[in-house]
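What follows is one structure encoded as structure tokens, with my remarks underneath.
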Number of protein chains: 2
Amino acid sequence: MIMKNPSACLIVIGNEILSGRTQDKNISFIATGLNEIGINLSEVRIIPDVEQTIVDTVKSCSSAFDYVFTTGGIGPTHDDITSNSIAKAFNVALSRNKEAENILLNHYGAENLNTARLKMAEIPEGSKLIYNPVSAAPGFIIENVYVMAGVPRVMQAMFDNIKGELKGGAKTLSKTISIYTTEGFIAEGLTKIQNEFPDVEIGSYPFIKNQRLGTSLVCRSTDTERLEICHSKLRIFLQTFSTELDDE
Amino acid sequence: MIMKNPSACLIVIGNEILSGRTQDKNISFIATGLNEIGINLSEVRIIPDVEQTIVDTVKSCSSAFDYVFTTGGIGPTHDDITSNSIAKAFNVALSRNKEAENILLNHYGAENLNTARLKMAEIPEGSKLIYNPVSAAPGFIIENVYVMAGVPRVMQAMFDNIKGELKGGAKTLSKTISIYTTEGFIAEGLTKIQNEFPDVEIGSYPFIKNQRLGTSLVCRSTDTERLEICHSKLRIFLQTFSTELDDE
């Protein structure tokens, strides 16, 4: 893992992922998005809708990482406890945010803005809103914590809205070569190349495709030139095992 | 989240998930499998291939949860550092396990059992092996930590092998109703039903299907009778909003 860039932690809040009911779709979207702007996703935590767990996790991740992103638990129902828990984590009040209330009023109209929906305007004091072009109810930013919805389409729109504000480092570039040879044959040579290129991270990922065993080698670095040299050396080394190489 | 059953934490070890390259497929498989035997998956952590991070995470999760499962990082390449890190977490030596060596010898044959592959027989002392019918190289169990491969097909075979040994509590049963109404309309009534059934967890999950907005209500409980009563009340309540209900 290349660790010089700003670090980020994603906290996925929701029993539905932990029960196996829902297959998460947010992690890879956010991972890819952060990577594009030079922020390393250093850890992901998936936690249940339990207040104390949310409070403890947000506190500890907020001090351990440069950026924290959360998804889930900011809707109108009884199991949406993220906003309240985050207010507690930062020792601030949860109160009616006027701007959020107006957004909801415009979206639902006065006749449909009931108590449950107004709950979505209850935001920790001192937060800045994250706009939601899909379903109106906003997320928010408090200190280094970015609080977003769990529904992928809504989360994606929110993430796109904040992406411009995030301060990343150098973009991590990657080059992948796949070979139909198992890891065990190439491992020793890979170690040598990795030792020669401490500034390039070489990941080795076995796969099974059309009943054949293979390995994908992923080189990642913020230094384009070193990445190219490492990749070329790797290619030459792999050709001694097979000439059938797939580049990505 | 129903918390009386034994708790589990899953630690997914691997840069490929954090970089967004690979979409995780192991979390929902393990979540569903644990649920079936009455163990609650209480938390998931996705961490990079960084020794200190693995050591710290395994230590802290091993004391916080009844069971810990890890996936990834037990192959033959330089980036496979899970076994070594777990030995460090438990302050035991990493040494050549005779049984594991014999398994690899049988699988690869003496001529193909090179140094890199022998690395997969280096297991923390005091561990019990987890057999791997897919690609031979075993996982292992040390204290309450179950160390498995990251490749989904291999992980699944390992998990099926250990499932019988895990001591679960009461199985959590669930019933789902979906309605084409948004959460905001039903939230107030849901809260009332949830308050009436503290022993049933009601989760509310908005969805978008065929351009229509809807909400899935998932009732979960270890008590079949209470689950049925709660589900019936919920059904009657939801019918006041729409007669088009989908049962799962």
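Provide a single number: the residues in the stretch B:48-57 that are of a type in the set (Asp, Glu) and either facing chain A (nearest Cβ under 7 Å) or out of contact with any Ser or Thr (no Cβ under 8 Å at 6 or more places or on another chain) (or both). Talk me through it step by step, then tell me what you get.
Taking the stretch B:48-57 first, the residues of a type in the set (Asp, Glu) are B:49, B:51, B:56.
Now narrow it down to the ones that are either facing chain A (nearest Cβ under 7 Å) or out of contact with any Ser or Thr (no Cβ under 8 Å at 6 or more places or on another chain) (or both): B:49, B:56.
Total satisfying the criteria: 2.
Considering only residues in the stretch A:174-198 that are surrounded by fewer than 21 Cβ atoms within 10 Å (Cβ to Cβ) and acidic (Asp, Glu), the one that is farthest from A:Thr224 (Cα to Cα) turns out to be A:Glu188.
Restricting the first member to the stretch A:132-152 and to residues that are outside the structural domain of A:Thr22 (by TED's automatic domain parsing) and under 17 Å from A:Val12 (Cβ atoms), and the second to residues that are part of a loop (DSSP other than H, G, I, E, B) and of a type in the set (Lys, Arg), no beta-carbon pair is closer than 7 Å while six or more apart or on different chains. Filtering the stretch B:199-215 to residues that are surrounded by fewer than 19 Cβ atoms within 10 Å (Cβ to Cβ) and either within 25 Å of the chain's Cα centre (by Cα) or facing chain A (nearest Cβ under 9 Å) (or both) leaves B:Asp199, B:Phe207, B:Ile208, B:Leu213.
Okay, residues lined up against (1) more than 7 Å from chain A (Cβ to nearest Cβ); (2) in a helix (DSSP H, G or I):
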| residue | (1), (2) |
| --- | --- |
| B:Leu10 | yes, no |
| B:Phe29 | yes, yes |
| B:Ser42 | no, no |
| B:Ile46 | no, no |
| B:Thr70 | yes, no |
| B:Asp80 | yes, no |
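In the list A:Ile27, A:Ile103, A:Ile47, which residue meets the criterion of being within 30 Å of B:Pro6 (Cα to Cα), touching a residue at least 24 places away in the same chain (Cβ under 8 Å) and touching a helix residue (DSSP H, G or I) at 6+ places or on another chain (Cβ under 9 Å)?
Unique residue meeting the criteria: A:Ile47.
When B:Asp223 is tested against (1) at pLDDT 95 or above; (2) not assigned by TED's automatic domain parsing to the domain that holds B:Ile27, only condition (1) is not met.
When the strands (runs of 3 or more DSSP E) confined to the stretch A:135-195 are screened for residues that are more than 21 Å from A:Leu104 (Cβ to Cβ), those reaching at least 2 such residues are found at A:173-179. Of all the numbered requirements in (1) modelled with pLDDT under 95; (2) farther than 30 Å from A:Val218 by Cα; (3) of a type in the set (S, T, N, Q), A:Thr182 misses one, and that requirement is (2). The condition (being modelled with pLDDT of 95 or more, within 22 Å of A:Leu166 (Cα to Cα), buried (at least 17 other Cβ atoms within 10 Å of the Cβ) and not hydrophobic (A, V, I, L, M, F, W, C)) is satisfied by just one residue among A:Arg117, A:Arg45: A:Arg45. If you go through the stretch A:116-130 and keep only what is farther than 22 Å from B:Arg212 by Cα and in contact with a Pro (Cβ under 9 Å, 6 or more places away or on another chain), you end up with A:Leu118, A:Lys119, A:Ala121, A:Ile123, A:Leu129, A:Ile130.
Checking the stated criteria, A:Phe237 turns out not to satisfy the condition of being part of a strand (DSSP E or B), assigned by TED's automatic domain parsing to the domain that holds A:Glu183 and touching a residue at least 24 places away in the same chain (Cβ under 8 Å).
The values are calculated or read from the model by the stated rules, or taken from the named source; none is laboratory data. Computed from a predicted model, the values in this text were never measured in an experiment. Note: ideal-geometry Cβ built from the backbone for every residue, glycine included; neighbour counts use all protein chains shown.
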